[in-house]
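Asks: Below are the structure tokens for one structure; questions will follow.
The values are calculated or read from the model by the stated rules, or taken from the named source; none is laboratory data. Computed from a prediction, not measured in an experiment: that's the story for all the values here. Quick reminder, even Gly has a Cβ in these numbers, built from the backbone with ideal geometry, and neighbours come from all protein chains shown. Just so you know, the surface numbers come from the protein's heavy atoms only, side chains and all, with ligands and any DNA or RNA stripped out. Shrake-Rupley method; radii C 1.70, N 1.55, O 1.52, S 1.80 Å.
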Amino acid sequence: MSSNVGAAGIDPQHVVVTEPVRGSDISVQLHYVEMLDGVYAPIGLRRPPGSGPFPLILFASGNGGGGMAVVQDFTQNVSWTQEQFLKAGYAVAWMRYRAEVDYAYDRIGRLIEDKRQRRQLLNRGPLEYEDVIAIADYVKTLPAIAANRLGYMGMSHGGEMAFKIASEYHGFRAMVASEPAAHEFLRLKPDATAHINPATGLLDVESMLMREANKVRARITEDVAVARMRPIVTPIFVQGRNSDELQGIFRVCYDLLVELGKDAQWATYEHEVHGFVYVRRNDKGAYAPDAVQLQAVKDSIAYFDKYLKDGR
């Protein structure tokens, strides 16, 4: 510990609280991680037995917000998938990041950091995917983590963030984008099936019918999407869900990667639950993954094994 440790035994500048995890022998370390602009985001880090260094997978689910309470809930109640990764020798961490700002990614441009009067100056506030980049840089400094063997697994908006991150940041060795709701990244043009929420005036793009990839392809802003995908060098495993309204979006993400010569993999699964790769406890308090969930998580671990366990 540093010399900043207070009477409570906690360093205020490096807060880490350890808690047991229900039904597991592996506890969680709850960290508050400083973001680029000086605010803090929470993660829940768990490591396999031993001293490491371990490859690490950062896990993201949906939109941001909710803070440490969400990290604790997911760690205690949505961690069957992480348990399989722990058994496979990976360190794992749930993250929370700031809430998504509707279409800010399209409107406000690249984040620039400068100095004014010897203090930090930003051209805009960071967005949620930039919090993940800050978290990635933080976990690479931890002594039990193999800094050059970092992976990312994101679902829904977390899946879209995989593309936003990989377009600008090359610090992940591999990514899984599960059911990536990437309409903003692809700059999807709304049609008559999209609705405005009268209470907020915000467009509900996800109400659009986007099951078929060929129809989605006709509605994306392809030159923008291609320009955003072109810098990607990170291998990405795109996972679809056959019955999802956004299945066409999922497939177009993969198709564009392949057409640009990127290292990409595709699989699609039949399941009734959006976010099926993250198994939640049932009403009896138990994890009961079905055959599809077992296969999808097995496929995900095998994918990361190719890139994070090759000894490079």
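Asks: Residues of the chain: accessible area per residue at 1.4 Å, in Å²?
Replies: 45 Å²
Asks: So how much slack lies between A218 and V39, counting 0.36 nm per residue of separation and subtracting their Cα-Cα distance, in nm?
Replies: Here the segment from A218 to V39 would lengthen by 60.4 nm.
Asks: Within the accessible area of the chain, what % is carbon and sulfur when the probe is 1.4 Å and the other protein chains stay in place?
Replies: Accessible surface attributable to carbon and sulfur in the chain totals 52 percent.
Asks: Right, something else. Under 10 Å, Cα contacts only: if you run a Gaussian network model on the chain, which one of E83, E222, E128 comes out with the highest mean-square fluctuation?
Replies: Between E83, E222, E128, it is E222 that shows the largest mean-square fluctuation.
Asks: Does the stretch 1-131 come out rounded, prolate or oblate by the C-alpha gyration tensor, with a ≥ b ≥ c the root eigenvalues, rounded set by a/c under 1.5 and, if not, prolate when a/b is larger than b/c and oblate if not?
Replies: Since a/c reaches 1.5 but b/c is at least a/b, the shape of the stretch 1-131 is classed as oblate.
Asks: What nm distance separates the two modelled labels at R118 and K87, each placed 7 Å from Cα along Cα→Cβ?
Replies: Placing both labels 7 Å along Cα→Cβ, they lie 5.6 nm apart.
Asks: Once the convex hull of the alpha carbons of the chain is built, what does its volume come to per residue, in cubic angstrom?
Replies: Per residue, the Cα convex hull of the chain comes to 164 Å³.
Asks: Give a residue-ordered list of calculated ³J(HN,Hα) values for the stretch 153-159 (Karplus: 6.51 cos²θ - 1.76 cosθ + 1.60, θ = phi - 60°; whole Hz; x for Gly, Pro).
Replies: With the stated coefficients, the stretch 153-159 comes to 10, x, 10, 6, 4, x, x Hz.
Asks: On to the next question. ³J(HN,Hα) across the stretch 133-149 via Karplus (A = 6.51, B = -1.76, C = 1.60, θ = phi - 60°), whole Hz, x for Gly/Pro?
Replies: 4, 5, 5, 4, 5, 5, 5, 5, 8, 7, x, 8, 10, 7, 4, 9, 10
Asks: I need the phi-derived Karplus couplings for the stretch 66-83: 6.51 cos²θ - 1.76 cosθ + 1.60, θ = phi - 60°, integer Hz, Gly and Pro marked x.
Replies: Once rounded to whole Hz, the list reads x, x, 4, 4, 5, 4, 5, 4, 5, 5, 7, 10, 9, 10, 4, 4, 5, 4.
Asks: Among I43, I112, I26, whose mean-square fluctuation peaks in a Gaussian network model of the chain (Cα, cutoff 10 Å)?
Replies: Per the Cα network of the chain with a 10 Å cutoff, I112 tops the list.
Asks: GNM, the chain, Cα, under 10 Å: largest mean-square fluctuation among L111, L127, L30?
Replies: L111
Asks: Which residues' amide hydrogens lie under 5 Å from the amide hydrogen of I145, considering only partners 5 or more residues apart or on another chain, with H built in the peptide plane?
Replies: F54
Asks: Near the amide H of A60, under 5 Å away, which other amide H atoms are found, from residues 5 or more places off or on another chain, if H is placed in the peptide plane?
Replies: Excluding prolines and chain starts, which carry no amide H, the hits are M153, G154, M155.
Asks: A further question follows. Enumerate the amide H contacts of V101 below 5 Å, restricted to partners 5 or more residues apart or on another chain; note that Pro and chain-start residues carry no placed amide H.
Replies: Result for V101 returns E128.
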